[in-house]
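Worksheet: one structure, shown below.
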Amino acid sequence: MTRAFITGVTGQDGYYLSKLLLEKGYEVYGLVRGQNNPKIEFLKAELPEVKILTGDLMDTSSLIRALNASQPDEFYNLGAISFVAYSWENASLTADVTGKGVLNALEATRIYAGDDAAKVKFYQASSSEMFGKVQHVPQSESTLLWPRSPYGVAKVFGHYMTINYRESYGMHASSGVLFNHESPMRGPEFVTRKISMAVARIALGLQDKLVLGNIDAKRDWGFAGDYVEAMWRMLQQEEADDYVISTGETHPVREFLDVAFNHAGISDWEKYVVQDPEFYRPAEVDLLVGDATKAKEQLGWVPKVSFPELVRMMVDADLKRQRDAQN
Ligand code: NAP
Ligand code: G4F
């Protein structure tokens, strides 16, 4: 039985990746941080087969202990402070977790693996946020990185550390430069889920305003369930490498709003949406659109869920949740 160890198992991607690996017959271990983390109950209910280990990316010894306990063939490092807006107000913490946490994970893996450097295949969750002030459109593996947030800067550190450990020690360490991916499991702080939740509540007469920031920003949005498949494929390669994972389409937040509201039967949606500078960022990433040609050619990976299907999936899930909560 192949064994996988996942940090960030309580997050959106941790959920979809655990499901995928369990379906493939893996034994899955997940790292959960903090004392009495409320997400443990959800994890136990939704994915009871996942074996829970405690630890923190800021504590290398906890990672070594977790590796000894799980003896993994594959290590997926998904744990991070992942909310870009939060990273300006918590820049040092973001650097520690999202940046140095990657070094801790790589170092723990190197120590655990001993003489057999490539014993554990390592996946790092890099991000399109690293492209920031984009230097080329569309963005590929060779596009210059120009991060625009403390989060983006921390991800660049983790990205290059992953490459450095591969080149210095011969580790099988791959970095997935993933563009935005969403799902009904997305955290409510991210714009897509904030919209799908509000649209459901407005359609059911439970809310009358949706307050947002910059709705002209453009993102390349895909479905998280498709993207975790790409992570897995990276670790099945003979050689470790870095891959951009994206749909190749970009849409403004405004278009997400349009598709979401119309799906809920509301065409005159502008009257419900208010823009507030509170949600503007000190430096914005205006446009993201990825070129995933390498992933298509080398991993055989292509996204399956289209943009409108993704929006409708999220709105339907939140309508159902709201209706269930009312009954
Ligand atoms: P998410 O839902 O925010 O999940 C983040 C996970 O990291 C949570 O399980 C969280 O645990 C854990 N975590 C936070 N601080 C930690 C620490 N100090 N030690 C160990 N774990 C810690 O993020 P996601 O959307 O699933 O994304 C997964 C990864 O991909 C992240 O690294 C993210 O930066 C990256 N990424 C995401 C996207 C995207 O569009 N979703 C795109 C590119 C890259 P708690 O539940 O206890 O808070
Ligand atoms: O949904 P967002 O917060 O995602 P963002 O900043 O693109 O980051 C996500 O994707 C990255 C990949 O590129 C990941 F690495 C990262 O971990 C995270 O998963 O914001 C998307 C856009 C931004 O331009 C933001 O300014 O939506 C704009 N926006 C407008 N109003 C808003 C809001 N974002 C949020 N969260 N809340 C708003 O009210």
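Counted over the chain with a bin width of 10 Å, the fraction of Cα pairs per bin, in whole percents, is 6, 26, 35, 24, 8, 1, 0. The helix-only estimate of mean residue ellipticity at 222 nm for the chain, built from DSSP H runs of length n ≥ 4 each weighted as -39500 (n - 2.57), is -12500 deg cm²/dmol after division by the residue total. Assuming charge only on the beta carbon of Lys and Arg (+1) and of Asp and Glu (-1), the dipole of the chain about its Cα centre is about 520 debye to the nearest 20. Exceedance of the 23 Å cut-off in Cα-Cα distance is limited, within the set Lys44/Lys155; Lys51/Lys294; Lys39/Lys133; Lys51/Lys100; Lys19/Lys121, to Lys44/Lys155; Lys51/Lys294; Lys39/Lys133; Lys51/Lys100.
Over the stretch 12-148, the ratio between the Cα radius of gyration and 2.2 N^0.38 Å evaluates to 1.14.
From largest to smallest, the equivalent ellipsoid semi-axes obtained for the stretch 102-178 from the alpha-carbon gyration tensor read 26, 12, 8 Å.
Reducing the stretch 135-197 and the stretch 89-126 to their Cα centroids gives an inter-centroid distance of 14 Å. Multiplying each eigenvalue of the alpha-carbon gyration tensor of the stretch 193-327 by 5 and taking the square root yields semi-axes of 32, 19, 12 Å, largest first, rounded to whole angstroms. Along its first, second and third principal axes, ordered by size, the stretch 30-85 spans 30, 29, 22 Å in Cα coordinates.
Ranked by the mean number of other Cβ atoms within 10 Å per residue, highest first, peptides 185-191, 94-100, 152-158 order as 152-158, 94-100, 185-191.
Here the convex hull built on the C-alpha positions of the stretch 148-225 has a volume of 123 cubic angstrom per residue. Using only the C-alpha atoms, the convex hull of the stretch 50-128 corresponds to 99 Å³ per residue.
List the lysines whose Cα sits under 28 Å from the Cα of Lys271, skipping any in the same chain fewer than 8 residues away. Answer for Lys271, where 28 Å is the Cα cut-off: Lys194, Lys209, Lys218, Lys320, listed by chain and number. Note on Asp59 and Ser92: the model spin-label points, each 7 Å out from Cα along the C-beta direction, lie 2.1 nm apart.
Only the coordinates and a few stated rules stand behind these numbers; no lab work does. Please read all numbers here as calculations on a predicted model, not as lab measurements. Here Cβ is always computed from backbone atoms with ideal geometry, including for glycine, and neighbour counts include all displayed protein chains.
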